[in-house]
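Worksheet for the structure shown next.
Derivation of every value follows stated rules applied to the coordinates shown; laboratory data play no part. These figures come from a predicted structure and were not determined experimentally. Cβ: placed from backbone, ideal geometry, glycine included. Neighbour counts: every protein chain shown.
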């Protein structure tokens, strides 16, 4: 009686590699990508108030021009507060309200397509880039 050989025959290896490659392409592409924090040079400074810095950047997200907001606490204490984002685009002006939950020293909140923070990601349409403007009015509370 012949014993079973559990090793894979060399002629079958290429089929296994092709199957594994197809599996990887199909399932790995379906997984969400890890959010990448952008460098500061990609962000435009909007305002700094009491050590809290507000940035924005424009990018496409799901084929829609999107404004991403980034808030960084560079103060020496934990902060909270509220803000109003004003977007002017030609003759149109839009406001969005948001809040800063307790944000610890050197902590930041940031939105990306892979990690959309609901009050930090805003679809926009830009009619004329020369008239596009972003401002923020913020109230910052120092927490003990």
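Pulled fully out, how much extra length does the chain show between residue 65 and residue 133, if you take 0.36 nm times their separation in residues and subtract their Cα-Cα distance? Mind showing how you got there, number by number?
Values: separation 68, 0.36 × 68 = 24.48 nm, distance 1.48 nm.
Between residue 65 and residue 133, full extension yields 23.0 nm more.
In terms of the mean number of neighbouring beta-carbon atoms within 10 Å, the peptides 123-129, 78-84, 98-104 order highest first as 78-84, 98-104, 123-129.
How large is log10 I(q)/I(0) at q = 0.15 Å⁻¹ when the Debye formula is applied to the Cα atoms of the stretch 40-142, each weighted equally and without solvent? Ignoring solvent entirely, the Cα scatterers give -0.59.
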